[in-house]
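Down below is the structure, laid out as structure tokens.
The values are calculated or read from the model by the stated rules, or taken from the named source; none is laboratory data. If you're wondering where the values come from, they're calculated on a predicted model, not measured in any experiment. Cβ: placed from backbone, ideal geometry, glycine included. Neighbour counts: every protein chain shown. Heads up: the accessible areas ignore ligands, DNA and RNA and are worked out on the full protein's heavy atoms, side chains in. Shrake-Rupley method; radii C 1.70, N 1.55, O 1.52, S 1.80 Å.
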Number of protein chains: 2
Amino acid sequence: MSQQKPPVSFIGLGAMGFGMATHLVKEGYPVTGFDVYGPTLERFAQAGGKPATTPSEAVADKDYCVCMVATAQQAQSVLLDSENAAIQTLPRGAVVLLCSTVPCSYVQALEKDLAARGRPDVLLVDCPVSGGAGRAAAGTLSIMAGASDDAALEKGKDLLQAMSDPAKLYIVQGGIGAGSNMKMCHQVLAANQILSAGEALGFAAHLGLDLNRAAEGILGSDGWSWMFENRLPRILDANHQPIASATTIILKDTSIITHEARAAGFATPMTTAAEQVYFASLGRGYGPDDDAGLIRMYTEGVGRVGPVQGAAQTEHDKLALVVDLLRGVHLCSAAETLAFAHFVGLDLDQVFELCINAAGGSRMLSTVGPEIIRRLRGEGGAGRAATEGSSSGGESLSSIAARLSAAVDEAQRLKVPVFLGSSALNLIRQALRRSAGKEGSESSLQSVVGVWT
Amino acid sequence: MSQQKPPVSFIGLGAMGFGMATHLVKEGYPVTGFDVYGPTLERFAQAGGKPATTPSEAVADKDYCVCMVATAQQAQSVLLDSENAAIQTLPRGAVVLLCSTVPCSYVQALEKDLAARGRPDVLLVDCPVSGGAGRAAAGTLSIMAGASDDAALEKGKDLLQAMSDPAKLYIVQGGIGAGSNMKMCHQVLAANQILSAGEALGFAAHLGLDLNRAAEGILGSDGWSWMFENRLPRILDANHQPIASATTIILKDTSIITHEARAAGFATPMTTAAEQVYFASLGRGYGPDDDAGLIRMYTEGVGRVGPVQGAAQTEHDKLALVVDLLRGVHLCSAAETLAFAHFVGLDLDQVFELCINAAGGSRMLSTVGPEIIRRLRGEGGAGRAATEGSSSGGESLSSIAARLSAAVDEAQRLKVPVFLGSSALNLIRQALRRSAGKEGSESSLQSVVGVWT
């Protein structure tokens, strides 16, 4: 017989929050939920939850609060600033699990704000999640949790375990905000690889490839990413339905990355390039649509940009160009993620472990990530991969540059934008030029990360 | 009394060519013109020219041929490959002035091709022009001319002088193709600064500024560029009329830059970012429109990307953000131009002299260009500008980064893309990180060029 579960409040019953909250109900927790959207509260009641009409009503008398609103602004409002904010009734010593994706700087400020308002007793855990609505409802999310003291993590542990896959609950060292930093670095991969899926298949469309067959080829290639596989059905759907994750959602996370990077003086050229396309897509009215619809930023010119004449003739050669585009983008996406994680002081082994098992996964990350990490740590000889062989098969950076260059050349012939592919090529060229004066073995794939450090 | 002028053939009577050819007519040259577009030939006859129906008919019995078609493909066709190509009747020892903007590699191949077809006697000059249709018709173009031997330049000199401003005829050392390299490097500025004009005023529109007043402020600021001033009336015109230079024209030149750079392994991150926006604009159907209409790539989201809330409140503060965006973009644009010119072996003093007096001019280039050149040559102490004062007023790279960062922050709040501004900021951040370990004085503005070298 299972132990009696304590009452829990749950603030924010959106696509992710609803699944998480109703999963807790199924696990036997008495869950009181709040959301600003009335119909959602009714659905929540039908699913066995108890609806509350304000945050303060929801959290009253409960030692556990999960907050899964969309933004830092919303978190600040429901927890502290609104008329019926949670802080008014939150019991002393309660734990608040802030699962929203927010800037590290925000959760650190939130902890100070709680203390300044006389509530240093609140046990704050920043524990953003990854995995999508399906895994939220199944209680098998990836969760990355940080806190200022172990008591908060200890108290929140049961709930965190209830919402996550046993192998995918990461306690992130570094105090409050460390979980958010981990999520932020993971989202570098997400931001780039959601768009690279659209860029690759948009390029394939201009090449005249059958998209279903091209996608099949990509899934079995080094161009694979979790995002590509996940978004594929909705990319191929003519209306990009159903809406599983709106473009505005990944844009919000992307802006956290670039804003935090700017504030710290760190360059994120790949994510920045992706973000501009996201902004441009808002201008086209695509914001509320599923992010799989971003392929339209590439395909709207099919058949109207001519006269064009590509060089690749066979389906095999064309698909190879698409895969080479993805390989170059994902290499740079992996390097940007790991370099940024290193910059903010995260444990790179944990970052890698998290990312390859979550939405940020890609074949390139799995292959080259460990060597990039060694290089960031200053371990191992220069160009080890190229000289001793490695999981990346000894391919050189010059080789991947040449193949990516051929893809960008072809995109130029077809007059199709490849925002990420062309950015990646310039970054790889920069890396090659920086190492040109050094020993030849410097041209291993992982040496690209030198551009970020 | 003027000397009798020799007969000249003129192939390609487009917006530029028509003005150039009719100016030669006014100067007393007997000019036989060819163009594929019949009505243009009629206009040319009315202007005192003699129309020809094929290239071979045009060039027959004339020691001088000016070729001003749009692309290398067209040049190859009219000179060599078409049914009635010029080569069939071109007199022995004739000079061909190829004024089209084409890749250096093309004119070098053309010279070899002429020899291979038994015509090593043809005196080939590659002499692309800059200055727009107005200066073409006035005979005051900037012209940059290269050739394999001095006889070609000597024979073509009178015609080159007739078409150019006396102070703006540049004989470019380096043999055949050197003129094209010079034009290519100049077009780095053109490609970036045509788009930066639209990016700046698009940003201004999202900021809620009156565009006429904002433009006035920019014209008197360090954000000034020749392109901004030249495109301004057509940017402000609701229909971006009249069509003075189609988007496809600058895209053609942009693609020459990035293609030649890729082939040489040189990174051109600014021009590459601009090119992707040009390609995206083709997809929107803007290709045939004047390039001033590129502002639509930024303004189409005005009022529909919300909810947004900027930080800048006053007109003064908002305009400062726009100017800071332009300063950052034009600094990186200047660095990319000069670094690429250095890479292809051009005389940097001549490049600078040409660019500040042609369509590539910008206040930032005028101010920082000489220090960038000293740095590229390895002259002068590191950070001379910052420590000893200079024409850039001792402003540091960190300072320009902070101001550009504030502009990009604001663009993020307003959810408007700033493709060039965000690229420039990442490049400046890269430069700052590279020099972080070195002496503090390294943070002079010109040190940004280190990213390209």
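About its Cα centre, the stretch A:182-452 has a charge dipole of approximately 580 debye under the convention of +1 per Lys or Arg Cβ and -1 per Asp or Glu Cβ, with nothing else charged.
Give me the one-decimal Kirkwood hydrodynamic radius in Å for the stretch B:256-410, with the sum taken over alpha-carbon pairs. Could you put the intermediate results ahead of the total?
On the way: mean 1/r = 0.0558 Å⁻¹.
Every distinct Cα pair counted, the radius reaches 17.9 Å.
For the stretch A:8-176, the solvent-accessible area works out to 39 Å² per residue, with a probe of 1.4 Å and every protein chain left in place. Kirkwood radius, chain A, all distinct C-alpha pairs, inverse of mean reciprocal distance: 22.8 Å. Here the extension length gained between B:Arg377 and B:Ala264 equals 38.7 nm, from 0.36 nm per residue of separation less the Cα-Cα distance.
The distance linking the stretch A:210-226 with the stretch A:243-271 is 26 Å (Cα centroid to Cα centroid, whole angstrom). Rounded to the nearest whole Hz, the Karplus-based 3J(HN,Hα) values (6.51 cos²θ - 1.76 cosθ + 1.60, θ = phi - 60°) of the stretch B:301-312 follow the sequence x, 4, x, 10, 9, x, x, 10, 8, x, 9, 6, with x at glycine and proline.
For the stretch B:81-220, the alpha-carbon radius of gyration amounts to 1.36 times the rule-of-thumb value 2.2 N^0.38 Å expected for a compact globular protein. Distant-in-sequence amide contacts of A:Ser164, defined by a placed amide H-H separation under 5 Å and a gap of 5 or more residues or a different chain, comprise A:Leu141.
Summary for B:Ala238: label point 7 Å along Cα→Cβ; distances to the equivalent points in the other copies, ascending, 3.6 nm. Beta-bridge orientation, chain B: approximately 25 percent antiparallel, per DSSP, counting only bridges with both partners inside. Tell me the total accessible area that B and A bury against each other, 1.4 angstrom probe, in square angstrom rounded to 100. Interface area, both chains combined: 3700 Å², rounded to the nearest 100. Counting only protein heavy atoms and a 1.4 Å probe, the stretch B:182-452 has 31 square angstrom of accessible area per residue. P(r) tail, the protein assembly as shown: Cα-Cα pairs separated by more than 46 Å, 31% of all pairs.
Mean residue ellipticity at 222 nm, helices only, chain A: -17000 deg cm²/dmol; runs of at least 4 DSSP H residues each add -39,500 (n - 2.57), and the sum is divided by the number of residues.
Taking Cα atoms only, the orientation of helix A:269-283 departs from the longest principal axis of chain A by about 70 degrees.
Pairwise Cα separations in the stretch B:213-299 fall into 5 Å bins from 0 onward with the following percentages, short to long: 3, 13, 21, 21, 19, 14, 6, 2, 0. Each peptide in A:97-106, A:150-159, B:420-429, A:135-144 gets a packing score, the mean of other Cβ atoms within 10 Å over its residues, and the list from highest to lowest is B:420-429, A:97-106, A:135-144, A:150-159. Between identical copies, the spacing of A:Asp149 label points, each set 7 Å from Cα toward the C-beta atom, reads 9.0 nm from nearest to farthest. For A:Val172, the residues 5 or more places off, or on other chains, whose built amide H falls under 5 Å of its own are A:Ala145, A:Gly146. Within the stretch B:265-279, the residues that become at least 30 Å² less accessible when every protein chain is included than when their own chain is isolated (1.4 Å probe; DNA, RNA and ligands ignored) are B:Gly265, B:Ala267, B:Thr272, B:Gln276, B:Phe279.
A:Gly306 label point (Cα plus 7 Å toward Cβ) to equivalent points in the other copies: 4.3 nm, shortest first. How tilted is helix A:363-376 with respect to the longest principal axis of chain A? Cα atoms for both, answer in degrees (0 to 90, nearest 10). Result, in degrees: 80. For chain A, the longest principal axis of the alpha carbon atoms and the long axis of helix A:419-436 meet at an angle near 70°. The string of couplings for the stretch A:187-198 from the Karplus curve (6.51, -1.76, 1.60, θ = phi - 60°) is 5, 4, 5, 4, 4, 6, 8, 5, 6, 5, 4, x Hz, one whole number per residue in order, with x for Gly and Pro. Distance between the modelled labels on A:Glu154 and B:Ala167, one decimal in nanometres: 8.0 nm (7 Å Cα→Cβ projection). Element breakdown for the stretch A:126-255 at a 1.4 angstrom probe: carbon and sulfur atoms account for 50% of the accessible area.
Report the charge-dipole magnitude of chain B in Debye, nearest 20, computed about the Cα centre from +1 at each Lys and Arg Cβ and -1 at each Asp and Glu Cβ.
On the way: 36 positive and 45 negative charges, 99 e Å.
With only Lys, Arg, Asp and Glu charged at Cβ, the dipole is about 480 debye.
Modelled this way, with points 7 Å down the Cα-to-C-beta line, the labels at B:Lys112 and B:Lys26 are 4.1 nm from one another.
What separates the Cα centres of the stretch B:297-332 and the stretch A:16-78 is a distance of 38 Å. At q = 0.14 Å⁻¹, what log₁₀ I(q)/I(0) does the stretch A:8-176 have when each alpha carbon counts as one equal point scatterer in the Debye sum? After summing over all Cα pairs, the log10 values are -0.62. Global size of the stretch A:148-238: 18.7, 58 Å for Rg and Dmax (C-alpha atoms, Rg to one decimal, Dmax whole). Convert 20 °C to kelvin, take the viscosity as 1.002 mPa s, use the Kirkwood radius over C-alpha pairs of the stretch B:290-375 as Rh, and evaluate the Stokes-Einstein diffusion coefficient in µm²/s, rounded to a whole number. For these conditions, the coefficient is 139 µm²/s.
Beta-bridge orientation, the protein assembly as shown: approximately 25 percent antiparallel, per DSSP, counting only bridges with both partners inside.
Could you work out the percent of alpha carbon pairs in the stretch B:182-452 separated by over 32 Å, rounded to a whole number?
Within the stretch B:182-452, distances greater than 32 Å cover 18 percent of Cα pairs.
Per-residue Karplus couplings for the stretch B:66-82, computed as 6.51 cos²θ - 1.76 cosθ + 1.60 with θ equal to phi - 60°, are listed in order as 9, 10, 10, 7, 7, 9, 4, 4, 5, 4, 4, 5, 6, 7, 10, 9, 6 Hz, Gly and Pro entered as x.
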